[in-house]
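Structure first, then comments.
The values are calculated or read from the model by the stated rules, or taken from the named source; none is laboratory data. From a predicted model like this one, the values you see are computed outputs, not experimental measurements. Reconstructed Cβ throughout: ideal geometry from the backbone, glycine too, with neighbour counts over all protein chains shown.
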Amino acid sequence: MEILVSVLADTVLITLVLAFAAFGLAIIYGLTGVINMGHGAMLTLGAYFTWWLLDQGVPFVPTVLLSALAVGLVGLAFEHLLIRHFYGRPFDTLLLTWAFFLVTTEVIKIVFGTDFRNVADPIGGDPVNLGIYQVPTYKTVVALLALAVVAGTALVFFKTTLGVRVRAMTQNREMAGLLGLNVAAMYKLVFGFGAAMAGLAGGVIAPMFAVQPYMGDMFLVRSFFVVTIGGIGQLLAGTLFGSFAIGGLETVLALFSDQVIAQIAVFFIAVIVLRFRPQGVFSGR
Amino acid sequence: MTAEIQPARRGVFRREDVAALAVFLLLAAIPLATSGYVVYILPQYMLLGVLAMSLALLWGHGGIVSFGQAAFFAIGAYAMGLVMKHLTGMAINSAYVGILVGTVGGGVTALLIGYFLFSAGVRAAYFVVATLALSIVVEQTVKSFSDITGGWNGLYVDRMTVTLGSWLELSLFDDAPIYYVVLAVVVPVYVIATALMRGRFGKIVVGIRENEDRMTALGFNVPMYKTLVFGLSGLLAGVAGSFYATHAQFAHPVNAGVLFSTQVVIWVAIGGRHSLLGSFVGAIVVASLSNYLSSIEEIQNYWPLVMGLIFIAVIVLFRGGLAGLVEKLAGKGAHGRAAGH
Amino acid sequence: MALVITDVSAGYGGVTVLRNVSLALAEGEILGVLGRNGMGKTTLIRCLAGLIEPTTGTITLGGENITDLAPHERARRGVATVVQGRGIFPRLSVRENLTMGRVAGASARRDRTDEVLGYFPRLGERLAQAAGTLSGGEQQMLAIGRALMTDPKVMLLDEPSEGIMPVLVQQIAAIVTAINRQAGLTIIIVEQNVPMVFGMTDRCIILEKGRIVAQGSRDEVSRSEVMKEYLAI
């Protein structure tokens, strides 16, 4: 019973952390169609900004927000310099975002070095003992934050006129422009927001992982699977479902085998799922 | 458009053949003129060149980008190492078996993955992600099964010996013999790949890149051709990997991973994705340059950054890479490559 | 003059489709553009909407030169386009489609929802429905209503009768005419359905191979050689 509860709780937490990590990718991929291979580097960058700002004595909450802002600005600059000229040419944006990953990783190595950095748990203290489950405090906070971010975005997406504009644009870009929408500016906004979300996620998960230049890599592929299994454009339910499939499966499989084998197995399953439902499990069409 | 440029290209020899001849003659002459590190290291770069060609025929001709070429290379390398290590005391030369297993292993793995994905008509983006995952899976596998693969330390591989029954036994322990053996592998690989790509098969593959729907409408089995070209690509990567392992005397997880796969993409982009020769030369030049510049302390940290920036410049400014640039300078650019991308 | 087109040529990839077209529309006028398929009608609309750049000539809206403006900038100045095939957002609700018309451009447009629902009561009954589930005629109503939501000065209609039941075509024609009268909206309507256009306006042009080959009143246009050929087909 205790094992079941703790596995279930762990799975939920991991799912939400993974959803958080994948969210920026879901935004950019789902709304602009850019296959952002630089997503992992954006996470890493957010983690490093967080590490650095904390090192400068900035408190944790403003640090994480500033990290998100900074990565968002980097994303905006990248979009403005390169990406905006290549919308509608998915292969070129794929290569360019991959180049973004390479360049960003190298800049991180030059500026911050290659040593592993540790970000202290900002809450600290022992897990809260609920008798049948030891609640890992910080992880739980991150999971709740992930829920809040997804829910907040859902609210904007479905309940505001900004949301109407974004959804209309993804359904018919030319028509949105003919009605007066500045599509280029909207793409820029979306790209910047997606980058900022990746930066936020990177900052928030920094205390849970060793911060090093390649920390985003693993999240890149996982995030892709999350987004594609969930269904592109199915930002919210899709992302949560995809995270549950990837993160949950990994947790459960890891119980019976090695962590690495679990991960490999999950990748295999993800590829198989994509083969049979390339439009994503959650996509209605 | 294709019909217009056909006559100019129909001759038995083309400019690229002359260039290829020059490149291979130069490579053949190098051990005669010098010795030492250059002769030691060049065969490895030539094999990286073959790896680059494996991607070029997929990307440049087929329009399919794979971020998993390192996986097939590693399959070749580890197959070579493991077969040579464990298959002893047999009448047959274990290195030959290793090469065969490595090559077929790379090819068959690619065929299976290609069939699995292309038959469902997965889009290019998913294919990239799937091949990226393949790289990670192979890297993680060789890292974690360390009792078999040596894990992080890599796997030691012997230099092979060329035998021909009882008539010939040539150790490849010295630099020059293995140099020429590698060259003797690389040249036919290039010639066969080039011939294939210029023939009917290559034309169909290019046709699919240009307009998949049209080729389907014309009755071509598009998934099959994509699968075949991917299989061929895996085969070439496998050959390159098996010879690389015996030359470098190790198989290592570094040569399986995502970063190594990425480097292959960069070589090909810089060399010219439409040209097998360009990719081959691109890999040799960029790999040597990287190796050289990384050994200089003042710039070693900046070199990968510069590579990344060059990569961006190639994507944005010179889509044809070096080969495209050379073609343009040679005056062919105006009408030759126009239909290229 | 609401809209003045001077010597406009345009095309795609080096092929000229529209040749030296000049037109002027007074405020509140309806102009019918007739012609067979491939004669440049849609190209004219796309050119006015800003989707393709003219190779020669100028377009002015209320005296302002809009030739080099992007589609969204023209929309913000009062050019509303109802595209061929209607271009509704299928997975937005009817209400959201209309909202999009109001908010896509400038933020301070007057809200014309009530007016639009007055013209098209059927839309009012289906506000919460996904627009993709509407019938062709209803989608056309939505597209016109949504264009009206942008509070335009000029409306461009590209083949509004295409694929719609004849009963509804008459109804839509009547409503568009009413909008023109009540709101003083300037309208260019591109059509192959000659009776529909003749029912709406007295001023027409005929495009043939990208040129204006006949223009004038219904009667003048009807008497032209091209029209006789055209009607004979």
- [ ] Could you tell me which numbered condition A:GLY46 fails, if it satisfies all but one of (1) surrounded by 24 or more Cβ atoms within 10 Å (Cβ to Cβ); (2) out of contact with any helix residue (DSSP H, G or I) (no Cβ under 9 Å at 6 or more places or on another chain); (3) of a type outside the set (A, V, I, L, M, F, W, C)?
- [x] (2)
- [ ] Working carefully through the options B:VAL65, B:VAL23, find the one that is part of a loop (DSSP other than H, G, I, E, B) and either touching a strand residue (DSSP E or B) at 6+ places or on another chain (Cβ under 6 Å) or in contact (Cβ under 8 Å) with a residue 12 or more places away in the chain (or both).
- [x] B:VAL65
TODO: Can you give me the number of residues within region A:107-118 that are in a helix (DSSP H, G or I) and over 24 Å from B:VAL265 (Cα atoms)?
DONE: 2
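Take residues that are within 27 Å of B:ILE30 (Cα to Cα) and tell me which of the helices (runs of 4 or more DSSP H) falling wholly in region B:144-218 contain 1 or more.
Values: elements: B:146-149, B:175-198, B:200-210, B:212-217.
It comes to B:175-198.
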TODO: Give me a count of the residues in region B:244-259 that are buried (at least 21 other Cβ atoms within 10 Å of the Cβ), small (Gly, Ala, Ser) and either modelled with pLDDT of 90 or more or not in a loop (DSSP other than H, G, I, E, B) (or both).
DONE: 2
Task: Candidate set from region A:144-178 (those that are among the β-branched types (Val, Ile, Thr) and assigned to a helix (DSSP H, G or I)); member that is farthest from A:ALA237 (Cα to Cα) - done: A:THR161
- [ ] Return the total of residues in region C:1-16 being modelled with pLDDT of 90 or more and either over 19 Å from the mean Cα position of the chain (by Cα) or hydroxyl-bearing (Ser, Thr, Tyr) (or both).
- [x] 3
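May I ask you to verify whether A:LYS109 is crowded, with 20+ Cβ neighbours inside 10 Å, among the basic types (Lys, Arg) and away from chain C (no Cβ under 14 Å)? Reasoning before the result, please.
Details: crowded, with 20+ Cβ neighbours inside 10 Å: no; among the basic types (Lys, Arg): yes; away from chain C (no Cβ under 14 Å): yes.
Criteria not met by A:LYS109.
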Task: Residue list for region B:260-317, restricted to those being of a type in the set (Val, Ile, Thr), within 14 Å of another protein chain (Cβ to nearest Cβ) and in a loop (DSSP other than H, G, I, E, B) - done: B:ILE299
TODO: Could you check, for region A:122-143, whether at least one of its residues is at pLDDT below 90, more than 14 Å from chain C (Cβ to nearest Cβ), under 25 Å from B:ILE312 (Cβ atoms) and not in a helix (DSSP H, G or I)?
DONE: no
Task: Test for C:GLU64: is it more than 20 Å from C:VAL15 (Cβ to Cβ) and among the charged types (D, E, K, R) - done: yes
- [ ] Could you give me the residue pairs with C-beta distances under 8 Å whose first residue belongs to region A:255-279 and is of a type in the set (Lys, Arg), whose second residue is in a loop (DSSP other than H, G, I, E, B) and at pLDDT 75 or above wherever it lies, and which are 6+ apart or on separate chains?
- [x] A:ARG275/B:ALA120; A:ARG275/B:VAL122
TODO: Scan region A:179-190 and give yes if some residue there is part of a helix (DSSP H, G or I), touching a strand residue (DSSP E or B) at 6+ places or on another chain (Cβ under 7 Å), more than 30 Å from A:GLU106 (Cα to Cα) and facing another protein chain (nearest Cβ under 10 Å), otherwise no.
DONE: no
Open item on the list: Pairs please, first residue from region C:134-151 and within 16 Å of C:VAL169 (Cβ to Cβ), second anywhere and among the polar types (S, T, N, Q) and part of a helix (DSSP H, G or I), Cβ atoms under 7 Å, 6+ apart in sequence or on different chains.
Closed with: C:LEU142/C:ASN97
- [ ] Report, by residue number, each residue of region A:88-106 that is more than 10 Å from chain B (Cβ to nearest Cβ) and more than 21 Å from the chain's Cα centre (by Cα).
- [x] A:GLY88
Open item on the list: Could you check region B:71-109 and list, in sequence order, the residues that are more than 14 Å from every other protein chain (Cβ to nearest Cβ) and under 30 Å from A:THR97 (Cβ atoms)?
Closed with: B:PHE72, B:PHE73, B:ALA74, B:ILE75, B:GLY76, B:ALA77, B:GLY106
Task: Qualifying residues in region A:230-261 (those that are within 21 Å of B:THR131 (Cβ to Cβ) and within 11 Å of another protein chain (Cβ to nearest Cβ)) - the one modelled with the highest pLDDT - done: A:ILE261
Open item on the list: Exactly one condition in (1) in contact (Cβ under 8 Å) with a residue 24 or more places away in the chain; (2) surrounded by 14 or more Cβ atoms within 10 Å (Cβ to Cβ); (3) of a type in the set (Phe, Trp, Tyr) is false for B:PHE220; which is it?
Closed with: (1)
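Farther than 15 Å from A:LEU178 by Cβ and more than 10 Å from every other protein chain (Cβ to nearest Cβ), is that true of C:LEU117? Can you show your working first?
Details: farther than 15 Å from A:LEU178 by Cβ: yes; more than 10 Å from every other protein chain (Cβ to nearest Cβ): yes.
Criteria met by C:LEU117.
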TODO: Quick one: count up the residues across region C:73-95 that are within 7 Å of another protein chain (Cβ to nearest Cβ), surrounded by 22 or more Cβ atoms within 10 Å (Cβ to Cβ) and assigned to a helix (DSSP H, G or I).
DONE: 1
- [ ] Return the total of residues in region A:81-106 being assigned to a helix (DSSP H, G or I) and surrounded by fewer than 18 Cβ atoms within 10 Å (Cβ to Cβ).
- [x] 4
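Suppose the filter is buried (at least 22 other Cβ atoms within 10 Å of the Cβ), under 28 Å from C:LEU51 (Cα atoms) and either small (Gly, Ala, Ser) or within 14 Å of chain C (Cβ to nearest Cβ) (or both); does A:ALA168 pass it? Steps first, please.
Values: buried (at least 22 other Cβ atoms within 10 Å of the Cβ): yes; under 28 Å from C:LEU51 (Cα atoms): yes; either small (Gly, Ala, Ser) or within 14 Å of chain C (Cβ to nearest Cβ) (or both): yes.
It is true that A:ALA168 is buried (at least 22 other Cβ atoms within 10 Å of the Cβ), under 28 Å from C:LEU51 (Cα atoms) and either small (Gly, Ala, Ser) or within 14 Å of chain C (Cβ to nearest Cβ) (or both).
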